[in-house]
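Notes to accompany the following structure.
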Amino acid sequence: MQVWKISIASPTGTFEAMLHINSECSNPVGEMRAKNGSGPMNDLKFGSGTIGWATKVERPMPMKLVFKGKYDERTMSGTVKFGIFASGTFAGVLA
């Protein structure tokens, strides 16, 4: 199990989240935990230096967040799409 601490920069500000990723099974699974709740990392792709997943949030309004990025042994970064409204970035470190 890997635990990553990420910062997500959105049009309304920056917020922190934790990613709990189990990549030891044939299909990686994960959970994203943040101040306002937690949920599964749907459609998780984690391998060969790239990462991607989607998750749903209810606050400040219900929407789907879609993450795409790259990672190495200690860091990750990429982009995030906030529903149909906007986009932002994320960056993180292995906790």
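The values are calculated or read from the model by the stated rules, or taken from the named source; none is laboratory data. It should be emphasised that the depicted structure is a prediction, and the values quoted were computed from it without experimental measurement. When we count neighbours, we look across all protein chains shown, and the Cβ atoms used for this are built from the backbone with ideal geometry, even at glycine. What goes into the accessible areas is simple: the full protein's heavy atoms, side chains included, and nothing from ligands, DNA or RNA. Shrake-Rupley method; radii C 1.70, N 1.55, O 1.52, S 1.80 Å.
Computed values, structure above
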quantity	calculated
Net length gained if the chain between LYS68 and LYS56 were fully extended (0.36 nm per residue, minus Cα distance)	2.8 nm
In order through segment 48-58: 3J(HN,Hα) via Karplus (6.51 cos²θ - 1.76 cosθ + 1.60), integer Hz, x for Gly, Pro	6, x, 10, 9, x, 6, 10, 8, 9, 10, 9
Fraction of alpha-carbon pairs over 16 Å apart in the chain - percent	50 percent
Solvent-accessible area per residue, Å², over the chain with all protein chains present [probe radius 1.4 Å]	62 Å²
Furthest towards positive pole of dipole, LEU65, GLY92, ILE51, structure part the chain, Cβ charges	LEU65
Net charge, ASN42 excluded, C-beta distance under 11 Å - Lys, Arg +1, Asp, Glu -1	+1
